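Enquirer: What follows is a single structure, and I will ask about it in a moment.
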2 protein chains.
Amino acid sequence: MATIRDVAARANVSVATVSHVMNGSRRVNDETRQRVLDAIHHLKYRRHGIARSLRRSKSGAIGVIISDITNPFFADLVRGIETAIQEIDPESHIILSNTDEDAAKELQVIDVLMEKRVDGLILAPAGGNEGFLSDLVSRAFPMVFVDRALPQVDADSVVVDNTVGARRIVEHLIALGHRRIAAMRATLHATSIDARISGYQTALREAGIKPDPRLVIESASEIGAAYAAGQRVLALDPIPEAVFCSNNFTTLGLIRAIHAAGLRCPDDIAVVGFDDFPWADSFHPQLTAVSQPAFAMGEDAIRLLFDRINERRTGKSVQLTLSTDLVVRESCGALIKRGAPTP
Amino acid sequence: MATIRDVAARANVSVATVSHVMNGSRRVNDETRQRVLDAIHHLKYRRHGIARSLRRSKSGAIGVIISDITNPFFADLVRGIETAIQEIDPESHIILSNTDEDAAKELQVIDVLMEKRVDGLILAPAGGNEGFLSDLVSRAFPMVFVDRALPQVDADSVVVDNTVGARRIVEHLIALGHRRIAAMRATLHATSIDARISGYQTALREAGIKPDPRLVIESASEIGAAYAAGQRVLALDPIPEAVFCSNNFTTLGLIRAIHAAGLRCPDDIAVVGFDDFPWADSFHPQLTAVSQPAFAMGEDAIRLLFDRINERRTGKSVQLTLSTDLVVRESCGALIKRGAPTP
DNA sequence: TTGTATGCGTTATCAC
DNA sequence: GTGATAACGCATACAA
């Protein structure tokens, strides 16, 4: 592989000149520049990104730590990050790591990324590493939380208004006449799930319905567990008229349980979910859901991050809260019972 | 940030010694080692991955180029790659790029990755860059194709037996009594789709059914287009008894079209798809599909790649063909018409 | 068992 | 408008 010296030699110039034509960092005589360009072309020269990183003390790598890329929400988020990087600084790239919500794994992954000298970190924190993370931000390391924030850690964050989103969709359920509304609570050490459940409870209370803790069923965030939890929901006596699922997994598990039990949705039981996904309208009935702007969250997160990296912004952290959309389809019963009203 | 010199100074040893204790690359007196370890600990020293890469001329980066991480197949594949990397060489990491099946984007992305000096490439080729890629492998650059191979490019590859997979599932349809079987052909410049359609035709022929080109409907690999294509399938006269969908998108589009038309599956029309996904059994009816070992493909691909990188294997390329699984659920009509026979 | 010194390929400072 | 050269932080060949 040709180096900058090879190019310099062939073009009869110094390495400095080659470097400057590559980077446009100072005026170069047109004829000289052309000689350099020719040499570059002939030698198929590509600059050595690693050497460059070392010299400029900027790796061009952004660490992105999520729980699972297999989750469509995170896949969209990552595409958003990638797209925005392309616009803002195409020389940068993502290093992606999955933690599966495991705090220990998260810690280890961050360690590796620090050794790789990532310029910054976008993190959907699993929770449990607050101390370490606080230390990081206090040393001014560029970091932004996404999807969930950690109250104890004062970093930038991009989240969604979980409370309002959950509240709206449960209000919708209530407007349709449902009263006995259960909830599936995904067990994650994340503030987001708590907020969703709390939005659910608020909606009930405002409608004069007393939240019944027995109607809140816990479920691990994994498809098998969610199926089992779904069966527990159906075993409630009497069976709920509607169910609010606090994330992807619980929705899928419940729907499967409903079909397995030979029940019909929304006739026998209505279902709504937090977090929409591309397949939602291939479902039968099509799923009514709270849709999160995952792609936009990724874009915003990376923008905040670059602002930190380039020190366009220092000091006080900023919290971005995007709003969700209520996507009314069929599983809530809306279309069937009375058309598609908006709450 | 502390450097190796800081550590050396604090421990009263040379940088060489520090380097050797970090890497375990030569014997060091126990007491000396302890001093070094203490210094490392006190200074919170982390070695500089970039400098290390430069010196060892090994970036520890693996380029992974796929069409879209949002596709569950690729998400699984990437998790497989990541998991195997963790085992084989935890110092390495993935740089992920999406091409959206765009050859120009693919070329550009590869260029960027080459500048970053990735140690190797795992690529689901979009097609169209055969010349460039051939050049790369001829210069012994480690590369392995995944999901699809390029006949003109002699690189290692990990694919699935598309023909057999498609054939089996269509045979299953035939065994259930379906005769008029349509197919949805995703338009991709990929050998995999061709192979699937050809498997479909073979199954028909072997059953004495003459493949009818009018029953093969084209669809772009995008959900909206697939929905429209699905409607075209339903508009065939007479309506097919069953449909074989050649990938994820076409399956989803068709199912949606069926529901929208008020038809019932499998009673009015049976559906099977190539490429299973985690949500398939939350569908109603649950989807019968050919399941690909995406995770394992990722593992195998990275293994092949590391063999190249470490020159454990040179020269002749190897082709790995994994087999698929037929997952019989409900959409084919099997359970409903006669229990769940295996073909 | 340990240390010295060179170079990996750049960028950037300083000099001309 | 151009060039010489000193870092960037590490691994390692060679010495001791």
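Enquirer: For peptide B:88-98, compute the average count of partner chain beta-carbon atoms within 10 Å of each residue's beta-carbon.
Expert: 4
Enquirer: Show the residues, 5+ positions off or on another chain, whose built amide H is closer than 5 Å to the amide H of A:Val216.
Expert: HN-HN under 5 Å from A:Val216: A:Ala183.
Enquirer: Starting from the amide H of B:Ala270, placed 1.01 Å from N in the peptide plane, find each other amide H under 5 Å away whose residue is 5 or more places distant or on another chain.
Expert: Correct list: B:Ala242, B:Val243.
Enquirer: For the stretch A:180-250, what does the equivalent ellipsoid look like in terms of its semi-axes, each the square root of 5 times an eigenvalue of the Cα gyration tensor, given largest first in whole Å?
Expert: So the three semi-axes of the stretch A:180-250 are 19, 16, 8 Å.
Enquirer: Same structure again: Between A:Phe132 and B:Asp237, what is the FRET efficiency for a Förster distance of 60 Å, r being their Cβ-Cβ separation, to the nearest 0.05?
Expert: 0.35
Enquirer: Cα gyration tensor of the stretch A:30-112, axes a ≥ b ≥ c as square roots of the eigenvalues: rounded (a/c below 1.5), prolate (a/b > b/c) or oblate?
Expert: prolate
Enquirer: At A:Gln86 and A:Asp111, where each label point lies 7 Å from the Cα along Cα→Cβ, what is the point-to-point distance in nanometres?
Expert: 3.6
Enquirer: So, one more: Starting from the eigenvalues of the Cα gyration tensor, five times each then square-rooted, give me the equivalent ellipsoid semi-axes of chain B, largest first, whole Å.
Expert: 51, 20, 17
Enquirer: Which whole-angstrom value gives the distance between the alpha carbon centres of the stretch A:78-104 and the stretch B:279-332?
Expert: Cα centres, the stretch A:78-104 to the stretch B:279-332: 25 Å.
Enquirer: Can you work out ³J(HN,Hα) from phi for every residue in the stretch B:233-246, in order, using Karplus 6.51 cos²θ - 1.76 cosθ + 1.60 and θ = phi - 60°, giving whole Hz and x for Gly and Pro?
Expert: 4, 5, 7, 4, 10, x, 4, x, 7, 8, 9, 9, 9, 7
Enquirer: Then there's this: Per-residue ellipticity at 222 nm for chain A, helices alone: DSSP H runs ≥ 4 residues times -39500 (n - 2.57), over residue total, nearest 500 deg cm²/dmol?
Expert: Using -39500 (n - 2.57) per qualifying helix, the result is -14000 deg cm²/dmol.
Enquirer: Could I ask something else about it? Compute the distribution of all C-alpha to C-alpha distances in the stretch A:1-45, in bins of 10 Å from 0, and list the percent of pairs in each, rounded to whole numbers.
Expert: Percent of Cα pairs in each bin: 34, 61, 5.
Enquirer: Using only the Cα atoms, work out Rg/Rh for the protein assembly as shown, with Rh taken as the Kirkwood radius, to two decimals.
Expert: Looking at the protein assembly as shown, the ratio lands at 1.01.
Enquirer: Looking only at B:Pro151, B:Pro240, B:Pro125, which one moves most when chain B is put into a Gaussian network model with springs between Cα atoms under 10 Å?
Expert: Most flexible of the set in this elastic network: B:Pro151.
Enquirer: Here's something else I'd like to know. Could you work out how much longer the chain between A:Asp30 and A:Leu263 gets when fully extended? Use 0.36 nm per residue separation minus the Cα distance between them, nm to one decimal.
Expert: 76.2 nm
Enquirer: Taking every residue in B:66-72, how many Cβ atoms of other protein chains lie within 10 Å of its Cβ, on average?
Expert: Per residue, the average neighbour count from other chains is 5.
Enquirer: Further question on the same structure: If you bin every alpha carbon distance in the stretch A:119-277 into 10 Å steps from zero, what whole percent lands in each bin?
Expert: Values per bin, smallest distances first: 11, 37, 29, 15, 7, 1.
Enquirer: Lysine pairs, Cα distance under 17 Å, 8 or more residues apart or cross-chain: how many in the protein assembly as shown?
Expert: Value for the protein assembly as shown: 9.
Enquirer: So if a site counts as exposed when it's one of the trypsin sites (Lys or Arg not before Pro), its DSSP state isn't H, G, I, E or B, and it has at most 12 other Cβ atoms within 10 Å, what's the longest stretch of chain A without one?
Expert: A:140-263
Enquirer: A follow-up question, please. Sort out for me the Cα centre separation of the stretch A:1-63 from the stretch B:183-245, rounded to whole Å.
Expert: A separation of 51 Å, based on Cα centres.
Enquirer: Looking at the protein assembly as shown, send over the antiparallel percent of its DSSP beta bridges, to the nearest 5.
Expert: Counting only bridges with both partners in the protein assembly as shown, antiparallel ones make up about 10 percent.
Enquirer: If you take each beta carbon of peptide B:273-284 and count the beta carbons of other chains within 10 angstrom, what is the mean?
Expert: 5
Enquirer: In whole percent, what relative contact order does chain A give with Cα contacts below 8 Å and a gap of six or more residues?
Expert: Once divided by the residue count of chain A, the mean separation gives 17 percent.
Enquirer: Per-residue HN-Hα couplings for the stretch A:119-133, Karplus 6.51 cos²θ - 1.76 cosθ + 1.60 at θ = phi - 60°, whole Hz, x for Gly and Pro?
Expert: 6, x, 9, 10, 9, 9, x, 7, x, x, 10, 4, x, 4, 5
Enquirer: Could you tell me the calculated FRET efficiency between B:Met1 and B:Thr314, based on Cβ-Cβ distance and R0 = 30 angstrom, to the nearest 0.05?
Expert: For R0 = 30 Å, the calculated efficiency reads 0.15.
Enquirer: Shifting gears a bit: With a cut-off of at most 10 other beta carbons within 10 Å, and DSSP calling the residue loop, which GluC sites (Glu not before Pro) in the stretch A:243-343 qualify? Please list them.
Expert: Sparse-neighbourhood loop GluC sites (Glu not before Pro): A:Glu311.
Enquirer: Hey, could you get me the Stokes-Einstein D for the stretch B:142-184, Kirkwood radius over alpha-carbon pairs, 25 °C and 0.890 mPa s, rounded to whole µm² s⁻¹?
Expert: Reported coefficient: 194 µm²/s.
Enquirer: Can you pull out the GluC sites (Glu not before Pro) in the stretch A:1-107 whose DSSP state is coil and whose Cβ has at most 16 other Cβ atoms within 10 Å?
Expert: Taking the stretch A:1-107 and a limit of 16 other Cβ atoms within 10 Å, the loop GluC sites (Glu not before Pro) found are A:Glu91.
Readers should treat all values here as calculations from the given coordinates under stated rules, not as data from a laboratory. If you're wondering where the values come from, they're calculated on a predicted model, not measured in any experiment. Note: ideal-geometry Cβ built from the backbone for every residue, glycine included; neighbour counts use all protein chains shown.
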